[in-house]
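Notes follow the structure.
The values are calculated or read from the model by the stated rules, or taken from the named source; none is laboratory data. All of these numbers come straight from a predicted model, not from anything done at the bench. Neighbour counts run over all protein chains shown; Cβ positions are idealised from the backbone, glycine included. Remember, those area values only see protein heavy atoms, side chains included, never the ligands or the DNA or RNA. Shrake-Rupley method; radii C 1.70, N 1.55, O 1.52, S 1.80 Å.
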Amino acid sequence: MANNSYSGVKNSMVEANHDGEFGCTLKELRSLMELRGAEALSKIGESYEDIQGLCNRLKTSPVDGLSGQPADIEKRKTVFGQNLIPPKKPKTFLQLVWEALQDVTLIILEVAAIVSLGLSFYKPPDAEREHCGRAAGGVEDENESEAGWIEGAAILLSVICVVLVTAFNDWSKEKQFRGLQSRIEQEQKFTVVRGGQVIQIPVAEIVVGDVAQVKYGDLLPADGVLIQGNDLKIDESSLTGESDHVKKTQEKDPMLLSGTHVMEGSGKMLVTAVGVNSQTGIIFTLLGSSEDDDDEEEEKKKEKEEKKKQRKNKKQDGSVENRKKAKAQDGAAMEMQPLNSDEGADAEEKKKANLPKKEKSVLQGKLTKLAVQIGKAGLVMSAITVIILVVLFVVDTFWIQNLPWVKDCTPIYIQFFVKFFIIGVTVLVVAVPEGLPLAVTISLAYSVKKMMKDNNLVRHLDACETMGNATAICSDKTGTLTMNRMTVVQAYVAEKHYKKVPEPENIPSSVLDLLILGIAVNCAYTTKIMPPEKEGGLPRQVGNKTECALLGFSNDLKRDYQAIRAEIPEEKLYKVYTFNSVRKSMSSVLKMADGSFRMFSKGASEILLKKCYKILTANGEPKVFRPRDRDDMVKKVIEPMASEGLRTICLAYRDFPASEGEPEWDNENDILSGLTCLCVVGIEDPVRPEVPDAIRKCQRAGITVRMVTGDNINTARAIATKCGILLPGDDFICLEGKEFNRRIRNEKGEIEQERIDKIWPKLRVLARSSPTDKHTLVKGIIDSTVIEQRQVVAVTGDGTNDGPALKKADVGFAMGIAGTDVAKEASDIILTDDNFSSIVKAVMWGRNVYDSISKFLQFQLTVNVVAVIVAFTGACITQDSPLKAVQMLWVNLIMDTFASLALATEPPTEALLLRKPYGRNKPLISRTMMKNILGQGVFQLVIIFTLLFAGERIFDIDSGRNSPLHAPPSEHYTIVFNTFVLMQLFNEINARKIHGERNVFDGIFNNIIFCSIVFGTFIIQIVIVQWGGKPFSCVALTIDQWLWCTFLGFGSLLWGQVISSIPTSRLKFLKTAGHGTQKEEIPDEELEELEDMDEIDHAERELRRGQILWFRGLNRIQTQIRVVNAFRSSISLYEGLEKPESRSSIHNFMTHPEFRIEDSEPHIPLIDDTDAEDDAPTKRNSASPRNTTPTPPSPTPATTTTAAPPTPVSPSPNQNNNAVESSNHLLPDGPKSGTPSAPGSPLHSLETSL
């Protein structure tokens, strides 16, 4: 990756030099962007005189920007590169096929099939065949025996089929994902000036030389130099790891870097580097990670592999990190090294700092756990099946028939054993529900695609399913619950309160002039009111909506704010204090002709009025404004406005006379005082018409909606009542941020969970809240243990400062229209229409995913149980599975792949919103579902066994039992197979309902996929039975037989009605299954090992645990034997330990021959050896009460695990940590049982060393 992009860069440099079009090359600009602060300024001074000089060299104007001609833009793209980091190539279909082939059960099947194929070509002399026992003889005619190879070939074919289907599913999933990525990227637009016009263009279209407008909340898309800025502060932590905001000015530090966030202020920048040449691009290139998440996983895997290798070689040299960096740097220009080394490390640090990552989706955790449990059961069943078959065969042939083992018969016997083995493997294949993870992915991918239409752009797949469990939503007010279309409807000007916008004649002209001037210059220049798109529509509001309301107010007063802005362009403003959540006000300073200064301010009325000491009267003269007058005004003007749900904004000004000299602008408290109040306006933001209904739905669905807003409490309360968040007569509470903080903090000012627990259940509205309050509330609700179910909280946010709350929440919703890039970055789902009712849709889809999975499970488990039992008992009684290997694979394909498609794509219904949310620990399989599974299972088993053991009499056909090795297929077994499949098909319709509903056909035609799959499966089944022949072990059936099979299959629908009549409450014996893994259940050492994973992936845990169990079992037996021997041996442990020198190091004691455990067993990596990261000493040291001396962890934990404090003899400083980890591994009940043995005691040393 690195090489290509760099070679590309070199070529373009060459071009640039030949070109000589632009006055500076790519290389110059790149090296310029690596400098910071004073260095950068001096470099600009040396090379270009000043920023204006740089603009001239890049052929652009700081005021009008680029001309915007396509030819010019193209040329810039070729010379300086495009603003995109090339994505990684997607996996090819063949790679996906190869991955699907890695499945263990499939590999076993392939091997077995190949062996069976090979053996089927061996024919012993006919004479001998009689000696090989009854089972081998009795083949009717020659060409039947020649068809022995068919079974092996058919198995191979069906394996290929399964692999292709799996790969195709993965491929389509990947494709959807890429579509989603590109959709998210297209959403990002940025404001630039071209040809004097301010326009928005997609981020990828930005070129070097563009003049871009940056404002609060932007994520900078390219590197650049500041041309003009107001109070610009930037969070560069994503590049430098420094959390402090950096102030940017033309004089001190004009360098703006891509990937950093604008935290406050606004300004213009000249773009100097884009794409792979920008700072973020360079880092991406170095990491080689301009790629997708899949690849990060691969990288991690590689790292783990490397770590394993390192540990094996006990290499102490450079850590993997460095090696990875070195690898990445080979292709990179060497000048990058310093940048990479700190920044890379910082990025790593940062990754680690955000450790409490979200767990992998709850659902996936539950499912994987379930799948592994079922798989284990299947493994046991299949093993028993094979053993029984082999034993029966051996006993029958060599004991009952009393035959000798003849050399010529060996291949025939082997063929039998292979056949038994294949039967065992097919039982396993059917038992392992590999369709489960598939079903989740399909269901989620399908939902995500459909949610796009419902204005939900899902950025993280599992957010969709988490949303179904949501119990609380903390919503913003502006723009989510309201329309975010603000208009001034009331005003208090010149001592008079107007209930609607006053006529300009009624206001003294001096006041009016000041007011209009103040509105025009003290609103961001990016905010404007544009003419409506359609005739007769409402004017379009661009930019900050509150400011739009004020500009609209000036239009209503028949004055043109644009004329004033043309007269006083943004560059002429002397100083601007931009709005931020601390100031809650914005001020702009103008320098007047006589050298005096005038400052206009606007902000929240209760805050600004405290700073006013004069107010303009009816004749336009200022008069003194005392605190008493202020209280009057609050009661008579502000509260009445607020109680009608209006936002109140105060406009004020202050003159600084020339005689006093220039004020000290940095002393904000002095500057922003002694104001003169111009007017107070009431701004209305109407509630969206669909919101009250959406909130009612949420409340009915058991979801609490809370409103968190920066508005004052009366406005908030009024809007909350309009929305239906507060209902009259409820005892819910509304708090202001200050009061909330007072109540949740103790005397020392620390937040206490118990205090939050007293408040949040009743809290419905939090007003005048700061972003930290929002975060505190969300965290408090999530961490609360008052209610036995852990709350699942969704949060909506649009501002930069909502980032932490969005990240902390279980699901973060960002606003697609009003939201800043920072908020979108932190969120899980983007609401493309900023509408609260879309959240309700998300809840519906989330619940639907959960239900779809449950439906699929209900269907799958029925098939699993029946197929396994049939194969098992059939094999034991008739020495041959009634369902052949290929048939089993077909059943497996129906069950797993097709059913997951059919049942996972059910569209959601409104009925989903009528029930309470499932908790995080609700089992996947409820008792009702268990009842359905067992009920259907019993029905199917009864039918199949009746057919198996009495079928030949009922249908009057030959019995298919006890047929010899290569006997032709029988009608009898074909009927069994056919009936079995048809019962599954009809049961698939039953599985559509999981809450015990009667009508299973309800809405069946809304799901085209379901209908087509059921129908398609039926057609294929007919083809298999009628023309499948030898490979499928089928014989064509007559119409009568088909009707009987179909009738028996249809029986499962009727039987389903019977089952749903039995009340579940009566069946106390039914257990639920499929609980999630609780965090508490994960043993300490695994938690540590999960530190280096970004999320707790239950699948990996379970699977790894499976592999380790084997090793661990062996280990444990070996060690126990050794311990016993050691105790028996003549050395008394206690004596050995009493000697002072040996007490200092148990290592001496480890070197006695009996105790050299490491030599006598192959070193089997324990979990922690493979991938416990060594960077979490704190967690590790607290992991076990035994650990006494936390020591700095070493890069490679030694394989010798001893528990002594480090002494010169011991091989690694990390003994303690390591020993504790391994002891937890080998003695899972160590720390729990009784008191942990004291660190000095011999017992402790022993168990640690094990």
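Here are some notes:
- When the criteria are applied in full, Thr704 meets the requirement of being surrounded by 14 or more Cβ atoms within 10 Å (Cβ to Cβ), hydroxyl-bearing (Ser, Thr, Tyr) and modelled with pLDDT of 90 or more.
- Of all residues making up region 813-841, the number that are of a type in the set (Lys, Arg) and farther than 15 Å from Ala694 by Cα: 1
- Note on region 1036-1049: residues that are over 50 Å from the mean Cα position of the chain (by Cα) and open to solvent by 30 Å² or more (accessible area, probe 1.4 Å) total 4.
- Residues that are open to solvent by 10 Å² or more (accessible area, probe 1.4 Å) and hydrophobic (A, V, I, L, M, F, W, C) within region 219-271 comprise Leu219, Ile227, Leu239, Val246, Met263, listed in sequence order.
- Qualifying residue in region 466-482 (condition: within 30 Å of Gly375 (Cα to Cα), of a type in the set (S, T, N, Q) and open to solvent by 10 Å² or more (accessible area, probe 1.4 Å)): yes
- Cys1011, sole failed condition from (1) open to solvent by 50 Å² or more (accessible area, probe 1.4 Å); (2) assigned to a helix (DSSP H, G or I); (3) free of Cβ contacts under 8 Å to residues at least 12 places away in the same chain: (1)
- Residue satisfying all of: in region 578-598; in a strand (DSSP E or B) and open to solvent by less than 70 Å² (accessible area, probe 1.4 Å); farthest from Asp773 (Cα to Cα) among these: Phe597
- Lone qualifier among Leu982, Leu924, Leu913 - being under 30 Å from Asp462 (Cα atoms), in contact with a Cys (Cβ under 9 Å, 6 or more places away or on another chain) and either at pLDDT 85 or above or surrounded by 21 or more Cβ atoms within 10 Å (Cβ to Cβ) (or both): Leu913
- Going through (1) open to solvent by less than 50 Å² (accessible area, probe 1.4 Å); (2) not in a helix (DSSP H, G or I) one by one, Val786 falls short only on (1).
- Residue in region 181-192 that is farther than 30 Å from Val440 by Cβ and surrounded by fewer than 20 Cβ atoms within 10 Å (Cβ to Cβ) present: yes
- Subset of region 514-545 that is among the β-branched types (Val, Ile, Thr) and at pLDDT 85 or above - its residue that is farthest from Asp218 (Cα to Cα): Ile516
- Counting residues in region 57-70 that are out of contact with any Gly (no Cβ under 6 Å at 6 or more places or on another chain), part of a helix (DSSP H, G or I) and under 21 Å from Gly195 (Cα atoms) gives one or more.
Yes/no per residue for (1) within 35 Å of the chain's Cα centre (by Cα); (2) loosely packed, with under 15 Cβ neighbours inside 10 Å; (3) under 30 Å from Tyr498 (Cα atoms); (4) modelled with pLDDT of 90 or more:
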{"site": "Pro640", "(1), (2), (3), (4)": "no, no, yes, yes"}
{"site": "Ile649", "(1), (2), (3), (4)": "no, no, yes, yes"}
{"site": "Tyr653", "(1), (2), (3), (4)": "no, no, yes, yes"}
{"site": "Asp666", "(1), (2), (3), (4)": "no, yes, no, no"}
{"site": "Ser673", "(1), (2), (3), (4)": "no, yes, yes, no"}
{"site": "Thr676", "(1), (2), (3), (4)": "no, no, yes, yes"}
{"site": "Thr715", "(1), (2), (3), (4)": "no, no, yes, no"}
{"site": "Cys723", "(1), (2), (3), (4)": "yes, no, yes, yes"}
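- If the condition is being among the acidic types (Asp, Glu) and surrounded by 15 or more Cβ atoms within 10 Å (Cβ to Cβ), then region 396-436 contributes Asp396, Glu434.
- Residue among Val391, Val406, Val395 that is touching a helix residue (DSSP H, G or I) at 6+ places or on another chain (Cβ under 9 Å) and of a type in the set (Val, Ile, Thr): Val406
- Test set (1) open to solvent by 30 Å² or more (accessible area, probe 1.4 Å); (2) under 22 Å from Ile607 (Cα atoms) - Thr709 fails condition number: (1)
- Failed item in (1) of a type outside the set (Lys, Arg); (2) assigned to a helix (DSSP H, G or I); (3) over 18 Å from Thr480 (Cβ atoms); (4) open to solvent by 10 Å² or more (accessible area, probe 1.4 Å), with Phe740 passing the rest: (4)
- Any pair with Cβ under 8 angstrom, 6 or more apart, that starts in region 1029-1047 at a residue that is closer than 13 Å to Pro968 by Cα and ends at one that is among the aromatic types (Phe, Trp, Tyr) and open to solvent by 60 Å² or more (accessible area, probe 1.4 Å): Ala1036/Trp1027
- Matching entry among Gly645, Gly661 (being open to solvent by less than 50 Å² (accessible area, probe 1.4 Å) and free of Cβ contacts under 8 Å to residues at least 12 places away in the same chain): Gly661
- Helices (runs of 4 or more DSSP H) contained entirely in region 599-717, each with at least 2 residues that are over 23 Å from Asp730 (Cα atoms): 605-609, 627-633, 668-671
- Flag if Glu547 is over 19 Å from Ile683 (Cα atoms), open to solvent by less than 60 Å² (accessible area, probe 1.4 Å) and of a type in the set (D, E, K, R): no
- Some residue of region 965-973 being part of a helix (DSSP H, G or I), in contact with a helix residue (DSSP H, G or I) (Cβ under 8 Å, 6 or more places away or on another chain) and aromatic (Phe, Trp, Tyr): no
- For region 929-945, a residue qualifies if it is β-branched (Val, Ile, Thr) and surrounded by 20 or more Cβ atoms within 10 Å (Cβ to Cβ), and the qualifying residues are Ile933, Ile943, Ile944.
- Enumeration of residues in region 865-884 that are open to solvent by 10 Å² or more (accessible area, probe 1.4 Å) and either assigned to a helix (DSSP H, G or I) or of a type in the set (Val, Ile, Thr) (or both): Val865, Val868, Ile869, Phe872, Thr873, Cys876, Ile877
- Qualifying residue in region 820-837 (condition: open to solvent by less than 10 Å² (accessible area, probe 1.4 Å), modelled with pLDDT under 85 and of a type in the set (Gly, Ala, Ser)): yes
- Any hit, region 503-515, residues being part of a helix (DSSP H, G or I) and in contact with a Ser or Thr (Cβ under 7 Å, 6 or more places away or on another chain): no
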